[in-house]
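Have a look at the structure below before the remarks.
The values are calculated or read from the model by the stated rules, or taken from the named source; none is laboratory data. This one's a predicted model, so the numbers in the text were calculated from it and none came from an experiment. Neighbour counts are summed over all protein chains in view; Cβ atoms, including those assigned to glycine, are modelled from backbone coordinates with ideal geometry.
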Amino acid sequence: MHAVMRRLLLTVALGCVISFGAATPALADGSGDGWLGPGGDINAGAGQDGSSSGGGGGGSTTGCTYTPVDQEMSDIADNLASHGWGNPGGEGEGAWYRKICPDGTGTMVWIPAGGIDPAVLAQQAFNRAQIPLPGIHLNPPEGTDQVVNVETWLWVDNFSAVSASASAGSVSVTVTAQPVRVDWSMGNSDTVACPNGGTPYDNGRAPESQQTDCSYTYRRSSASGPDGTFTIRATTRWHVNWVATGVNASGDLGLLGRSSDIVIRVAEIQTVHE
C-alpha cells in the first residue's frame, strides 16, 4: 500500500514539474535553450563573477539547474513520455534530468549520452558572456581640451579576462575572452595600436616620475573637424577560446572587437614673443 501511495505521489509531483512549462526548442544561437536533438536540452550561464544574465525562449533559462533523477522517477518519466505527456524521451543511452529555472519554470528533459556537442555549448556560453565596452580615459583628462604638441595619455577600463560557462549533462564548456590590445582611432585619420590597456595617469605623482607606452600627440587642432571636434574611438580586441570538461575538446573563436567613442576638442596654444 505504501509503495502504491509513493508511486502515486511521485507521479503527481513529476506531473507538476512538467506542467510548469516545457522548455521551448530554439536554435542554438544563445536565445533560449539550444536543443541538440529530441529532448536534448542545454543551458548556459555567464558573468565576470560567475553570475547569470537573462535568456530567451520560454522564460529565463539562464542559471537553471539540472539534477539527474532516480530510477523510479525515470521510469515514471518514461511512462509519461510514452503517453505523449511532457518532453519526449530519447532513444539509446541517456538519462532524465529535472530542470528547474530561477523564474520558477521547471520540466523533465532527456539528455542523450554522448549526444552533446561541445561546440554548441561553446557558442551558447559565448553568447551569454558579458564582454564589456572599453571605458576611455585621457590625460589631459577627457572633458577638457587636448593640446597641440602635448602628449595625450590613453588608457581604458575593463581590460581583464572575462569567462562564461555552459553545461549539459556531464559536459561543461568554459569560454574565456582575453583582451590582447587596444586600437585607437584619433579622429584625424591617425591610429594608435597599444599592446595593453594603457597606464592611468596619477595626478598625485610628479609628471617626471610617470611614463606610458600608450599615447598620442596631436600636431594640429580640431578646428577643421565636425563642430570643431574630433571623435576618438577605442576598440579593445579580445581573443576568445573555449575548453570542455567531460569530453576532450577545445576551440578558438578568434578575435572580437568592442568599441567606445568620445568627442574631444584639440586646442592650439598661441604664444606671444616680444
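Structure notes:
- Checklist (1) surrounded by fewer than 19 Cβ atoms within 10 Å (Cβ to Cβ); (2) among the hydroxyl-bearing types (Ser, Thr, Tyr); (3) touching a residue at least 60 places away in the same chain (Cβ under 8 Å); (4) over 30 Å from LYS99 (Cβ atoms) applied to THR229, failing item: (3)
- Strands (runs of 3 or more DSSP E) completely within the stretch 122-194 that count 3 or more residues being more than 15 Å from the chain's Cα centre (by Cα): 135-139, 151-157, 171-185, 191-194
- ASN203 being under 17 Å from LEU138 (Cβ atoms), of a type outside the set (D, E, K, R) and at pLDDT below 95: yes
- Top-ranked residue in the stretch 108-145 [being surrounded by 23 or more Cβ atoms within 10 Å (Cβ to Cβ) and β-branched (Val, Ile, Thr); ranked as modelled with the lowest pLDDT]: ILE116
- Single residue of THR229, THR236 found to be of a type in the set (Val, Ile, Thr) and touching a helix residue (DSSP H, G or I) at 6+ places or on another chain (Cβ under 6 Å): THR229
- Within the stretch 46-98, tally of residues that are modelled with pLDDT under 60 and assigned to a loop (DSSP other than H, G, I, E, B): 18
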